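Asks: Got a structure for you, written out below as structure tokens; questions coming shortly.
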């Protein structure tokens with residue numbers, strides 16, 4: 001099945017008004033690779049400004065609350081993201097799971113709320129170094145995915161899974177190509193079990209120190225349908241070569 005590549009940038013807690021020039025450069029450079037879906041998940045303070053400046057380019061949030069409204073100080077709902085012009089959101093990133101103690105149940109509820117409100121979702125899973133070293137990475141991440149997946153019988157392309165080994169995020173370390181292939185194959189099997197044939201259409205992204213120098217090798221792996229990119233998404237010079245590698249691989 002041809003799913004097409006998705007390359008999404010996660011700016012995390014980076015970005016002020018002056019950085020909108022970088023967003024514009026990425027959007028304009030990505031237009032040369034129309035076969036690849038490209039998105040940037042920005043701080044909430046930049047979403048509306050980026051959408052206004054770049055209509056038609058996919059801008060997303062980095063988290064969303066499971067409830068539509070209420071006494072949830074500092075949180076943002078799916079409707080609020082939509083109101084800003086966002087078209088997608090990340091849920092379950094390891095930094096949210098660790099720093100904010102988000103459970104699989106909470107991630108599942110967030111994903112369901114976002115999808116139900118019309119936002120596309122990038123749902124993150126991944127293992128710690130300790131889990132990897134004891135040889136339990138595949139069963140642990142597979143179980144994490146199973147517990148985090150929302151009930152979603154709709155358009156498979158609106159949901160993507162991002163496999164991010166926690167120990168590789170921002171460290172420059174990357175699992176072996178064989179390990180990436182084994183994990184993505186296991187996650188594909190889990191998706192097929194959860195959703196049947198539509199599970200074959202859900203894209204599985206790799207994340208964790210993706211950069212221009214390793215993107216082509218990673219994208220050549222079966223069931224790697226793109227990337228969730230952290231630090232390398234902050235500038236066009238670093239990000240656009242990854243988009244180009246995705247276009248060449250698809």
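Readers should treat all values here as calculations from the given coordinates under stated rules, not as data from a laboratory. Worth saying up front: this structure is predicted, and the values here are computed from it rather than measured. Here Cβ is always computed from backbone atoms with ideal geometry, including for glycine, and neighbour counts include all displayed protein chains.
Asks: So, in segment 50-61, how many residues would count as being touching a helix residue (DSSP H, G or I) at 6+ places or on another chain (Cβ under 8 Å) and either assigned to a loop (DSSP other than H, G, I, E, B) or surrounded by fewer than 20 Cβ atoms within 10 Å (Cβ to Cβ) (or both)?
Replies: Qualifying residue count for the region: 4.
Asks: Would you point out the residue of segment 59-80, among those that are in contact with a strand residue (DSSP E or B) (Cβ under 7 Å, 6 or more places away or on another chain) and free of Cβ contacts under 8 Å to residues at least 60 places away in the same chain, that is farthest from residue 111 (Cα to Cα)?
Replies: So, considering only residues that are in contact with a strand residue (DSSP E or B) (Cβ under 7 Å, 6 or more places away or on another chain) and free of Cβ contacts under 8 Å to residues at least 60 places away in the same chain, the one farthest from residue 111 (Cα to Cα) is 59.
Asks: Here is a further query. Can you tell me which condition residue 65 does not meet? The list is (1) within 20 Å of residue 206 (Cα to Cα); (2) assigned to a loop (DSSP other than H, G, I, E, B), and all the others hold.
Replies: Unmet for residue 65, out of (1) within 20 Å of residue 206 (Cα to Cα); (2) assigned to a loop (DSSP other than H, G, I, E, B): (1).
Asks: Residue check: is residue 212 in contact (Cβ under 8 Å) with a residue 12 or more places away in the chain, within 24 Å of residue 36 (Cβ to Cβ), touching a helix residue (DSSP H, G or I) at 6+ places or on another chain (Cβ under 6 Å) and surrounded by fewer than 20 Cβ atoms within 10 Å (Cβ to Cβ)?
Replies: In short, yes.
Asks: Please verify whether segment 193-204 includes one or more residues that are in contact with a helix residue (DSSP H, G or I) (Cβ under 6 Å, 6 or more places away or on another chain), loosely packed, with under 15 Cβ neighbours inside 10 Å, without any contact (Cβ under 8 Å) to a residue 24 or more places away in the chain and in a helix (DSSP H, G or I).
Replies: Taking every residue of segment 193-204 in turn, none turns out to be in contact with a helix residue (DSSP H, G or I) (Cβ under 6 Å, 6 or more places away or on another chain), loosely packed, with under 15 Cβ neighbours inside 10 Å, without any contact (Cβ under 8 Å) to a residue 24 or more places away in the chain and in a helix (DSSP H, G or I).
Asks: Now a separate question. Mind listing whichever residues of segment 81-124 are touching a residue at least 60 places away in the same chain (Cβ under 8 Å), in contact with a helix residue (DSSP H, G or I) (Cβ under 6 Å, 6 or more places away or on another chain) and in a strand (DSSP E or B)?
Replies: 120
Asks: Among the candidates 79, 66, 32, which residue alone is farther than 23 Å from residue 170 by Cβ and surrounded by 19 or more Cβ atoms within 10 Å (Cβ to Cβ)?
Replies: After ruling out the rest, the residue left standing is 66.
Asks: Quick one: which residue in 226, 172 is surrounded by 16 or more Cβ atoms within 10 Å (Cβ to Cβ) and on the phi > 0 side of the Ramachandran plot?
Replies: 226
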